[in-house]
Amino acid sequence: LLVGHHRRFNAYIEAAKKIIDSGEIGVVSAVNVMWATLKPTSYFDVAWRRESGGGPLLINLIHDIDNLRYLFGDLERVYAEESHAVRRYPVEDTAVISLRFSNGILGTMIISDAVPSPYNFESGSGENPLIHANGQDCYWVFGTKGTLTFPEMKIWHYSGVGEQGWGGPISCKRIEIERTIPLERQLEHFCTVIRTGAAPRCSGQEAVKTLKTVMAIKEAAGSGVSVAIS
């Protein structure tokens, strides 16, 4: 069984994971994620997209949550606030989320499908040919030795000698990425899983954890209290 979280096969995500796991940016302390775009008015001609459950928390957020779990591990607790102040439909159009990972990493997310914005995974990575690509960052990963911006794939670090800190010069280097088609690479991996019995990159258990996390975020947004993830 391989669950189709295809972004685990995105070349930018693979490169980010390699950088993080290598320790090049040190111990990760925090991550900031933005997913903001404008769904056209015609998108909401379908009735269920205007009702509770048809919004970006359950439809779009799950992909970014799976990315974060793949990069940083399981989450321990989440808190969220949601709003439908823009369109006034029963479904949310904007949300802010606070994340605490089991390893102590803290995260924040802003998500909205009601604003013109280049700051989202699809636009940044150019993954979806139906969405205009612009290369703008949408993830910022903060480590004790450097900061990784994604998908520009820049690593920012202090470049001076002696004690490192805010008074010193800061510079960056860019990691070049050879772009591939994630859906093709996912299918190749699935063939390998079938033929050789190799461990799937996203097992059923992994996918359930991602889904439970998203459901916990939705619960937190509705209840006004933080929700622990068992």
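Side notes on the structure shown:
- Here ASP113 meets the list (1) under 21 Å from HIS5 (Cβ atoms); (2) at pLDDT 95 or above; (3) charged (D, E, K, R); (4) open to solvent by 40 Å² or more (accessible area, probe 1.4 Å) almost entirely, failing just condition (4).
- For segment 86-145, filtering for residues that are aliphatic (A, V, I, L, M), in a strand (DSSP E or B) and within 15 Å of ALA221 (Cβ to Cβ) leaves 7.
- Options ARG185, ARG201: the member that is surrounded by 15 or more Cβ atoms within 10 Å (Cβ to Cβ), part of a loop (DSSP other than H, G, I, E, B) and under 22 Å from the mean Cα position of the chain (by Cα): ARG201
Yes or no, residue by residue, for (1) buried (at least 17 other Cβ atoms within 10 Å of the Cβ); (2) of a type in the set (D, E, K, R); (3) more than 25 Å from TYR12 (Cα to Cα); (4) at pLDDT 95 or above:
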| site | (1), (2), (3), (4) |
| --- | --- |
| ASP64 | yes, yes, no, yes |
| GLY73 | no, no, no, yes |
| ARG77 | no, yes, yes, yes |
| ASN128 | no, no, no, no |
| ILE131 | no, no, no, no |
| PHE142 | yes, no, no, yes |
| THR147 | yes, no, no, yes |
| PRO151 | yes, no, no, yes |
| VAL161 | no, no, yes, no |
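- Among the candidates ALA16, ALA30, the residue that is more than 17 Å from CYS202 (Cβ to Cβ), touching a residue at least 60 places away in the same chain (Cβ under 8 Å) and either part of a helix (DSSP H, G or I) or open to solvent by less than 50 Å² (accessible area, probe 1.4 Å) (or both) is uniquely ALA30.
- All of (1) closer than 29 Å to ILE229 by Cβ; (2) touching a residue at least 40 places away in the same chain (Cβ under 8 Å); (3) not basic (Lys, Arg) hold for ILE155 with one exception: (1).
The values are calculated or read from the model by the stated rules, or taken from the named source; none is laboratory data. Because the structure is predicted, anything quoted here is derived from the model rather than measured. Because the Cβ atoms are built from the backbone with ideal geometry, glycine has one as well, and the counts that use them run over all protein chains shown. In case anyone asks, the SASA skips ligands and DNA or RNA and just uses the protein heavy atoms, side chains included. Shrake-Rupley method; radii C 1.70, N 1.55, O 1.52, S 1.80 Å.
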